[in-house]
Structures are given as C-alpha cells and as structure tokens.
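Shown next, in structure tokens, is the structure this report addresses.
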Amino acid sequence: MNSSTLQDELTCAVCLQVYQDPVALPCQHSFCLKCIEEVWTQTAGLGKFECPQCRRKFNPRPRLERNFILCNIVEKYNCSQPPADVVCDNCDENPNPAVKTCLKCEISLCSLHLKPHLQNKIFSGHTLIEPVADLTGRQCPDHKEVLKFYCKDDTECVCVSCAIIGKHKSHTLLSLDDAQSAIKTQINELKGKLSKSFSEWRRKLEEDEESTLKLIDEEELRVVSQIRSCSETLNKRVEQITSIDGESQRLVQRDPLSFIQNSKQLLSRMTETRRVTGPDVPVFTLNLSNISQHIQKRLNESEKYHSDILGIIGKRSLSLDPKTANYNLVLSDNLKSVTWGTWQQPYPSHPERFKDHPQVLCFQSFSSGFHFWDVETDGNNWGLGIVSESVERKGEMSEFGNNKTSWCLNFYVDSLSAAHNSQFTSLPLIPNCKIRVWLDFEAGTLSFYQVTDSLRHVHTFQTTFTQPVFPAFYCRNKSLKLLN
C-alpha cells in the first residue's frame, strides 16, 4: 500500500485529517475522539447519536472505545513521514539545516554546531538522532522527560522518573536497545513458527491431493470391475443362445424327422436358458459421496491450520460456543456477549455443556503462539481466563479456579482474586472495566491488564501448558462481552 493510499485509510471522515486519538463505534467505523464528540454535542438536543459515515443510529449513546490498533498504525505512519525542514537551534541568523538532534540537550544542530558533541568528552553520553522538529513524541507525557526505558509489564516506553518514582518503579524495565533486540528476536521466532506452519500446510495439501486422487482411482476400478462382471455374464448367455440356434439349424437341414425327434430337447434347453435371470445392469456412475466427505474432512482440517497460523500472529476473532454454555446463561446472536438469566434456557443436552456453574467457553482454542483478547465486564460476580480442554463439566471441581486445568481472574462483590487449583491470590480491587487477557503459550504466561488510557498490570500466572486452552468465562450477575 503506497503512502497516499495509507493516508486515505487513516483519514477521519469528519475532519478529513489523519486520526487524532481514534475511537471506534459499535458499527466499526472510527473517528477522532474530538470529532465524534463535537458531532454528537450538536445533535444531543435532538437525542440523536448516529455514525456520521453509515448513519446507523444508537440509543442510548454508546461508549466510545479507543481503537488501539488504529492508534499504533497512526503512530507508525507519523514516524515514517519525512521530517519538515529542521534548522539549527544555535544559529543566530540565517539558521542552517540541522544534521542531528540531541535528545539530552533537546536541540537540533547543524554540522558546525555539532562539532562539540562529536569532539568533547562532556557530550559523550548524549544521544544523537536524525533531525526531529518536535520532540514531544519522544517525551514522557507525565514528566516531560525523554523516554529511555521500555516497561515490559505495561508494554510502553517510559522515562527515568517513571522508573524511579512513577507508576513503573516496580516493573521490569529494559533499555531501548535491549527492548529492540528482544523485539527482533521475537520477530525471528515468529517467522520461524510461521515458516514451520506453512511447510506443514503445504505437506498436508500434497497429502490431500494424493489421497483424493487415490480415492477416485479406487472408485474407477470398482465401476470398471462391475462393467466387466456384467459383460462376462451377458457374453455367456449369448454363447448359449448361439449354440442352441446353431444346433437347430443343423437339424433342420438334415431331415424333418431328426428335427422333430430332437426338438423337445432343444425346446427344453431354450426354456432353461430363459429361466436363468440375466444380470441387473447397474447405472454405471461414479459414487463421489465418499470422495466429497473425504474432501470436506480435509477442508475442515485445513481450516484448523489456517486458524493456527492466524493464532501465531495473535490474530483471532473469538466467539462463544453455545454447546458449552450453562443452562442459565444467555448468549447474544453474534456470540460475543453472555448474560446471566434467572430461567434456564432450552439448550439441548451435550457432553461439553457446563452443568453446575454458569460458565461458557469460546469455540477457538490455542496450542501455540501469543494471543490477546479484550473483555468488557459488568456486575459483581464474574470470572474470566482460560481452561484446558480436559476441564471437568460438572461437579464442584468444574468451577474455574478450583482445578489444575483452569486459570482465572475472579471478581465477587468487593474482592478480586487470581485462582488456580483452589489457590486464591487476593488482588487490589478494580471497578468494572475493560480487561485485556494476554496469553503466551510457549512462555507459559497468562496476564491480565486493566485497559483505560493505558494498560495497568493486574496479575500474571506462570505455568507450563500441556494441552490446548480455551478462553473461558464465568457470569452469575449481569454480563460479559467480548470486544474482539
């Protein structure tokens, strides 16, 4: 995608500028936060809240969810744009173009005024970068200091004050160089996993082609064998009739007496031949139903491989699995929300359904890679996390957090805890909000974050996953909603 096309994709339909703090509406269209609020302020008196792009109406006013993916793309796009003409801050008259910007001094320097930074030891600790007109994007919004560290817990860059006295002081911090190296290593690992998965996919496709062609060959042999068997039977009948006819012709040519004396025997043989039922001639067509079933089975397997590959890069659209939902849970039509219901639902019986606790799983499972999903919480009795595929479906030990095969964040009235194998860790209370669940299968980590304007780490489980795991939800009051 070229630069102009990308800019079009990143343009707000209201202000026609590149997005500033983009937010998404329920219809999936995005706008600058300021733009959509101004539009709705103008129409608030009329009680109208609609999308300026598709005109879909909302009642009541929907929550404006920050579009984090779009935020990251816009940030990368802004960083990739060539800088405006940056001039030297030390030139008094007729400033010369800057050749470097010093992050320590927070000034830009031309080639002449740059020499002290290159020659004097006093400047040896200063970081020089390509000329930048505006350094605010490289500064901490809280302390206005240059960003020098990467917080691994909250996945964001921080300044020295954040690391010493700020909210990141107890977090795991990396230098920007180490963080860059770690990201490069992660990218190389991702490429390796993708290459391995695509190689496996190609091998499966070759096997599918070979096995399908083999089934067609076998079906061909079956039909040809039927044709040959039927042909042989018919040929024997023709030979018998031809033999009787030849013998009768010979007797007729001798004399009438001989023909009459032998006619009884000939008639008997002819009658016997007619009594023998001829073969039922089948409709000689290929039976492709088995082949169709075989291909469908292989296609289902290929969908799993496709899903696994998407899972490696963390891209997975989740949906709730109705066959696992407890009878008191009501699922939305799009299978994104679950609500507690007083009356039991008329769900059919199924061995995967949770019998004794209001729990439900997603269709999708993870057996490799790293993944995250956001959940909007509501009510005072809910839980969310992951479970292994062998989790119990009934009994006391089937409750999430009470067994070895589930890892869960539980909220109950005025307490928050992390639960696994009946071990509960009390956590600082947070209000109902958006929770991000982050899974790194190979690393054996499951982390929870509170999502506001930034990510706040809540808890991390460290374990070793030995089975595929499913996103899992517990809801005994109000609702939970998947946001991706």
Margin query: Step by step: first the residues of segment 463-479, then only those that are touching a strand residue (DSSP E or B) at 6+ places or on another chain (Cβ under 6 Å) and surrounded by fewer than 17 Cβ atoms within 10 Å (Cβ to Cβ), then the one that is modelled with the lowest pLDDT. Which residue is that?
Written below: N477
Check: When you go through K191, K169 one by one, which is the residue that is closer than 19 Å to Y449 by Cβ and surrounded by fewer than 13 Cβ atoms within 10 Å (Cβ to Cβ)?
Finding: K169
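Taking the stated definitions as given, is S170 closer than 22 Å to S447 by Cα and of a type in the set (S, T, N, Q)?
Criteria met by S170.
Does H371 fit the bill of being within 24 Å of F68 (Cβ to Cβ), outside any helix (DSSP H, G or I) and open to solvent by less than 50 Å² (accessible area, probe 1.4 Å)?
In short, yes.
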Next item on the list: Filter segment 443-457 down to the residues that are open to solvent by 20 Å² or more (accessible area, probe 1.4 Å) and among the hydrophobic types (A, V, I, L, M, F, W, C), then identify the one that is farthest from C157 (Cα to Cα).
Entry: A443
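Return yes or no: is C157 open to solvent by less than 40 Å² (accessible area, probe 1.4 Å) and free of Cβ contacts under 8 Å to residues at least 60 places away in the same chain?
Values: open to solvent by less than 40 Å² (accessible area, probe 1.4 Å): no; free of Cβ contacts under 8 Å to residues at least 60 places away in the same chain: yes.
In short, no.
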Notebook entry, point to check: Given the structure, is Q42 part of a loop (DSSP other than H, G, I, E, B), of a type outside the set (G, A, S) and open to solvent by 50 Å² or more (accessible area, probe 1.4 Å)?
Noted result: no
Note to self: Checking A133 against (1) open to solvent by 40 Å² or more (accessible area, probe 1.4 Å); (2) at pLDDT 85 or above; (3) farther than 30 Å from D440 by Cβ; (4) not polar (S, T, N, Q), only one condition comes out false. Which one?
What the structure shows: (2)
Margin query: So for segment 102-122 (the condition being modelled with pLDDT of 85 or more, of a type in the set (S, T, N, Q) and open to solvent by less than 40 Å² (accessible area, probe 1.4 Å)), does at least one residue qualify?
Written below: yes
Next item on the list: State whether one or more residues within segment 385-399 are of a type in the set (D, E) and modelled with pLDDT of 90 or more.
Entry: yes
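Per-residue answers, yes or no, for (1) β-branched (V, I, T); (2) within 23 Å of A24 (Cβ to Cβ):
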position	(1), (2)
G401	no, no
T405	yes, no
Y412	no, no
I435	yes, yes
L455	no, yes
V469	yes, no
L483	no, yes
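Rundown of residues vs (1) free of Cβ contacts under 8 Å to residues at least 40 places away in the same chain; (2) hydroxyl-bearing (S, T, Y), yes/no style:
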residue	(1), (2)
V87	yes, no
C102	yes, no
S111	yes, yes
S124	yes, yes
P131	no, no
L135	yes, no
R138	yes, no
C151	yes, no
Margin query: Return the residues of segment 432-475 that are over 22 Å from P358 (Cβ atoms) and in contact with a Cys (Cβ under 6 Å, 6 or more places away or on another chain); say none if nothing qualifies.
Written below: Q450
Notebook entry, point to check: How do the pairs read when you match residues in segment 435-456 that are more than 29 Å from D142 (Cα to Cα) and in contact (Cβ under 8 Å) with a residue 24 or more places away in the chain with residues anywhere that are polar (S, T, N, Q) and part of a loop (DSSP other than H, G, I, E, B), using Cβ under 6 Å and keeping only pairs 6 or more apart or on different chains?
Noted result: F441/S368
Check: Could you say whether any residue in segment 21-38 is open to solvent by less than 20 Å² (accessible area, probe 1.4 Å) and in a loop (DSSP other than H, G, I, E, B)?
Finding: yes
Next item on the list: Scan (1) in contact (Cβ under 8 Å) with a residue 12 or more places away in the chain; (2) part of a strand (DSSP E or B) for the single condition S426 breaks and write down its number.
Entry: (1)
Item checked: Sole exception among (1) without any contact (Cβ under 8 Å) to a residue 24 or more places away in the chain; (2) part of a loop (DSSP other than H, G, I, E, B) for H171, by number -> (1)
Checklist line | Residues being part of a strand (DSSP E or B) and open to solvent by less than 20 Å² (accessible area, probe 1.4 Å) - total across segment 402-416 | finding: 6
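How many of the residues in segment 432-484 are outside any loop (DSSP other than H, G, I, E, B) and either within 26 Å of K169 (Cβ to Cβ) or under 21 Å from the mean Cα position of the chain (by Cα) (or both)?
So the count comes out to 30.
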Item checked: Where a residue in segment 330-350 is without any contact (Cβ under 8 Å) to a residue 40 or more places away in the chain and its partner, wherever it lies, is of a type outside the set (D, E, K, R) and assigned to a strand (DSSP E or B), with Cβ under 6 Å and at least six apart -> V330/T339; L331/L320; L331/V338; L335/L320; G341/V330
Check: Filtering segment 336-354 down to residues that are touching a Phe, Trp or Tyr at 6+ places or on another chain (Cβ under 8 Å) and not aromatic (F, W, Y), which residue is surrounded by the fewest Cβ atoms within 10 Å (Cβ to Cβ)?
Finding: Q344
Check: Among the residues of segment 240-254, is any closer than 30 Å to G137 by Cβ, without any contact (Cβ under 8 Å) to a residue 60 or more places away in the chain, polar (S, T, N, Q) and assigned to a helix (DSSP H, G or I)?
Finding: no
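The values are calculated or read from the model by the stated rules, or taken from the named source; none is laboratory data. Please read all numbers here as calculations on a predicted model, not as lab measurements. All Cβ positions, glycine included, derive from the backbone under ideal geometry; neighbour counts span all protein chains shown. Side chains are part of the model used for accessible areas, which takes the heavy atoms of the whole protein and leaves out ligands, DNA and RNA. Shrake-Rupley method; radii C 1.70, N 1.55, O 1.52, S 1.80 Å.
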